[in-house]
Structures are given as structure tokens and as C-alpha cells.
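Below is one structure, written out as C-alpha cells; comments come after it.
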């Protein structure tokens with residue numbers, strides 16, 4: 001750390017005085033004064049074991065048992081998860097071309113998979129429900145006219161529902 005300590009002025013010059021808090025060698029750490037006892041300085045080397053080494057590891061990311069760099073991307077509130085993931089995958093494909101040989105760039109967790117699966121299930125359920133409704137109307141009423149009316153009413157009701165959802169800003173992939 002470098003701290004300004006003031007200025008030295010003479011009739012012809014002005015010099016800024018700075019305290020340089022850089023420690024050039026590990027041995028210099030041992031000489032740092034941390035306290036004074038009975039007027040005598042107490043150095044860091046007297047109260048601690050000072051060694052040159054790696055910084056203490058606070059976190060670790062492993063992928064298939066190998067060290068990895070983990071990057072987590074979180075969508076902003078109110079944004080579409082599927083669109084965010086699709087954009088991230090496109091960006092990953094572009095970045096993959098720029099990384100050096102031997103470096104792998106992998107998407108490990110895709111939160112849009114569950115949403116896509118749910119939307120697919122909703123579509124499937126809607127189609128099955130519409131088919132069963134039309135079949136049951138025909139079987140119980142035995143009238144082609146009622147069956148056709150029911151068959152046309154269901155898609156119109158769904159289109160209206162999804163239209164209102166769209167106008168209100170709602171989507172199925174929330």
C-alpha cells in the first residue's frame with residue numbers, strides 16, 4: 001500500500017513524500033513491526049512463522065475429477081430463462097473458437113432443460129386433452145355436429161387464452 005505522507009517544501013522545490021508499503025521479499029515480512037512492548041518493537045517474525053507459499057485455497061471447482069474454472073450465470077429478474085440460456089450457448093460456441101488448444105469449454109448445468117421439458121409436457125397434455133374431449137363428446141352424444149363444434153371451440157379457447165397471456169407479458173417457460 002502506498003500512502004501520501006505530505007510534502008517537503010524548500011525555496012526552490014516541492015517534493016511529495018509517500019510511504020511505500022510494498023514488501024519486496026518474504027524476509028522483509030518478518031521485519032514488519034506489529035506492536036511495541038515496553039518501548040521495544042515486536043516484529044511479525046517473533047510472533048509468527050512467516051513462509052513464502054501459495055495463498056490459502058478458499059474454493060475449488062472440479063469437473064470429472066480435474067480442476068476447472070466454474071462460471072455461474074444467473075438471469076436477471078423478469079428475463080426469459082430459455083432465451084438467456086440460448087444466448088449463453090451461442091456465446092459459448094463463439095468463445096470456444098477463441099480458446100487455446102487443450103482448453104475445454106463446457107456447459108455443465110442448463111436450467112432451461114426442465115423448462116423446455118415442462119413446456120413439451122404442456123403441449124402434449126393439451127393435445128391429448130383435446131383429442132379425449134372430442135372423442136368423449138362423440139361417444140356420449142353420438143352427434144357429428146356437436147363433435148365438430150367442440151373440436152373447433154377448444155383451439156379457439158386456447159388461442160384466446162395464450163393471446164391474453166402474451167398481452168399481459170406471461171409465458172409458459174417461467
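Since every read-out is calculated from the coordinates, none of them should be taken as a lab result. Predicted model, so just to flag it, every value in this text is computed and none were measured. With ideal geometry, Cβ positions are generated from the backbone for all residues, glycine too; neighbour counts draw on all protein chains shown.
Overall size of segment 54-109 from C-alpha positions, given as principal axis extents largest first: 41, 28, 20 Å. For the peptides 152-161, 45-54, the ranking by packing is 152-161, 45-54, with the highest mean count of neighbouring Cβ atoms within 10 Å listed first. Between residue 40 and residue 170, what is 0.36 nm times their sequence separation minus the Cα-Cα distance? Round to one decimal in nm. Roughly 39.6 nm would be gained on extension. The stretch between residue 109 and residue 70, if pulled fully straight at 0.36 nm per residue, gains 13.0 nm over its current Cα-Cα span.
Expressed per residue, the C-alpha convex hull volume of the chain stands at 365 Å³.
Each stretch of four or more DSSP H residues adds -39500 (n - 2.57); spread over every residue of the chain, this sum gives -15000 deg cm²/dmol at 222 nm. Full extension of the chain between residue 119 and residue 89 yields a length gain of 8.8 nm, computed as 0.36 nm times the residue separation minus the alpha carbon distance.
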